[in-house]
Structures are given as structure tokens and as C-alpha cells.
1. Looking only at residues that are of a type in the set (A, V, I, L, M) and surrounded by fewer than 22 Cβ atoms within 10 Å (Cβ to Cβ) in segment 238-248, which one is farthest from Ile189 (Cα to Cα)?
2. Among the listed residues Gly231, Gly235, identify the single one that is among the small types (Gly, Ala, Ser) and crowded, with 23+ Cβ neighbours inside 10 Å.
3. Quick one: would you say Val267 is outside any helix (DSSP H, G or I), among the β-branched types (Val, Ile, Thr) and at pLDDT below 95?
4. Could we say that Phe251 is more than 31 Å from the chain's Cα centre (by Cα) and within 26 Å of Leu164 (Cα to Cα) here?
5. Take Leu117 and decide whether it is out of contact with any Ser or Thr (no Cβ under 9 Å at 6 or more places or on another chain) and either part of a loop (DSSP other than H, G, I, E, B) or more than 21 Å from Arg256 (Cα to Cα) (or both).
6. Name the pairs: first residue in segment 272-298 and within 30 Å of Phe155 (Cβ to Cβ) and open to solvent by 90 Å² or more (accessible area, probe 1.4 Å), second residue modelled with pLDDT of 80 or more and of a type outside the set (D, E, K, R), Cβ to Cβ under 8 Å, at least 6 apart or on different chains?
7. Please indicate, with yes or no, whether at least one residue in segment 164-171 is in a loop (DSSP other than H, G, I, E, B) and free of Cβ contacts under 8 Å to residues at least 60 places away in the same chain.
Amino acid sequence: MDYTADQSGFRQQPTMRLRNYSAEGPDASQLFEDTSGVGSASQSGLRNQQAGPQSSGFAGQSLLSEPMSNLAMAYGSSLASQGREMVDKNLDRFIPISKLKYYFAVDTVYVGRKLGLLVFPYMHENWEVSYQQDTPVAPRFDVNAPDLYIPAMGFITYVLVAGLALGTQNRFSPELLGVQASSALVWLIMEVLAVLLSLYLVTVNTDLTTIDLLAFSGYKYVGMIVGVVAGLLFGRPGYYLSLLWCCAAIFVFMIRTLRLKLLSEAVAEGKLVRGARNQLRMYLTMSIAAAQPVFMYWLTYHLIR
């Protein structure tokens, strides 16, 4: 420590000097050099040297992988298209999707006219299906053409109305509604199979297909719905009166429609319905028409109490 005195006689504060303190200031040389910057610089250079070949390798791999990925995508799309064509071909063998589109080609006007024809067929005169270049026209252009829209909607509506009828009687349950729907569907399938077997045994040459028979057999749901709704509104008298009317209407509708289909050979040749074979065809037509009221009553009488 250095003590110095000024002119007043008082001693000034000692001047403290730190060890290893250099008077030259911050520019003086240090005892130990800071090598952290040099190490980090060398490490970064080493990383850059290592990353250089790797990055170039990745770039080359990406250039090679792009054609491979495009080839894989093209191969996958071709496999998917082939699989779709195979599924469509096999599915069309059992379920003719292209033909089903024809039966659902309807509009609001057709549905209204067809429902009126099913309920009141007595004033209708022309029952022949219109053709265009040996192909029947779509149902929306001809009210006599069969369709599947009304039978499908009729079946669903019948199940809903049956659930409503069971609910008003405090008998509703999901199991009972399922039994109602499954029984109606089973009876419909059995009816179509019985008609196909009868046509095979009688050896009738007709243009009726299985889908046509399914459509004609499904038209009875319209009368069943009318009968159940009338029973819910007006009781048993309303049910029996409306069901009787609808049964007579569906009987006339089926007779006038199917006689042109089952007796097409005799009608085309202009012959009278004579002979055992034609008599069998007429009996078959009347049997199919008479079975409709029986099914209508069997599937609805227990819903009205």
C-alpha cells in the first residue's frame, strides 16, 4: 500500500493494487489463452466437412427415389383399377347393378301416378309397357313399367307404421319390430321363389325377370299401409273397408299387368287363350293375383285391435 499526503496534512486513502494486474490494461497479454473459439471453429469446420458428402448423397438418393415412387404409384393405381373391374364384374354376375339403376329411374310425377294406379286401377286402359329400340323405357316415362322405388319405400314405411301401431297398443319393443320386418321380408322372398318355381314347371316363355316379380310383389305394401293407417284413425271398420278396397285394387292391377307378361305368346300371335298350356298360364296369373290379398291381411290383421 502507498500512503501519500497532501498539502492539508491528511493522509489519503491507500491505493489498492490487485495481484496479476497489469498496468497496460485490457490489451495486455493474458496468462492463459482462450481456446474455446478455436475449438468451436474447428468442430464446425469438421461438421461441415462431414455434412458435405452426406448432403450430396441425400440429394442423389432423392433424385433416384422420385422415379421409383412414381413407378410404384402407377403400379398401385393399375392394381386398384383391375381390382375394381374384377369386383364389378363378379358383383354384376349375382346382383345386376346396371339393371337396378333402371328400376330406380323414377321421379315425383311417376310416383304419384303409380300410387293412384295401385289404389284405383279400374279406369286405366293401356297396360302395355312402352319400348324404345327393343328396350323398355325408364319408369319415369311410362307408368306401366315396374320399379323398385315404391316397393322399397313401401316396405320401410310399413315397418314404421307397424311400429306406430304397436306403440299405440303399448306393445312396442325393438325385438317385436324386428320380427315384424323379418317376417314380411321372408314372406316376400318365399312368394317370389314360389312364382319362379311355378313359371319353371309350367314352362312359360316370358320376359319377366326376378326383379320384375320382386317389384310386382312389393306393390302390395301400399295397400297394407293404407289399411293400417285407416285402422289407427277409424278403428277396425276403417281397417276392413280400406283393406278390402286395396285388396280388390291390387287383384285387378296384377291380373291386367301379368296377363300381358305370362300370355305374351298368345297375345302376340292374336290367338285366344285355349289349350291346357294357356289355361295353366291363366290359372297361374290368377293365383299370383289372388295371393296378394292373402298376404296383405296376414301381415296386418294383428296390428289393429
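The values are calculated or read from the model by the stated rules, or taken from the named source; none is laboratory data. Given the structure is predicted, the values throughout are model-derived calculations rather than measurements. Don't worry about glycine lacking a Cβ; one is built from the backbone with ideal geometry, like all the others, and counts go over all protein chains shown. Surface areas here come from the heavy atoms of the whole protein model, side chains and all, with no ligands, DNA or RNA. Shrake-Rupley method; radii C 1.70, N 1.55, O 1.52, S 1.80 Å.
1. Per the stated criteria, the residue is Leu241.
2. Gly231
3. Answer is no for this residue.
4. Taking the combined requirement at face value, the residue does not satisfy it.
5. no
6. From segment 272-298, the pairs are Tyr297/Leu243; Tyr297/Cys247; Trp298/Trp187.
7. Looking for residues that are in a loop (DSSP other than H, G, I, E, B) and free of Cβ contacts under 8 Å to residues at least 60 places away in the same chain, one finds at least one in segment 164-171, hence yes.
One line per residue, one yes/no per condition, for (1) small (Gly, Ala, Ser); (2) modelled with pLDDT of 95 or more:
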site: Asn205; (1), (2): no, no
site: Thr209; (1), (2): no, no
site: Val226; (1), (2): no, yes
site: Gly235; (1), (2): yes, no
site: Ser242; (1), (2): yes, yes
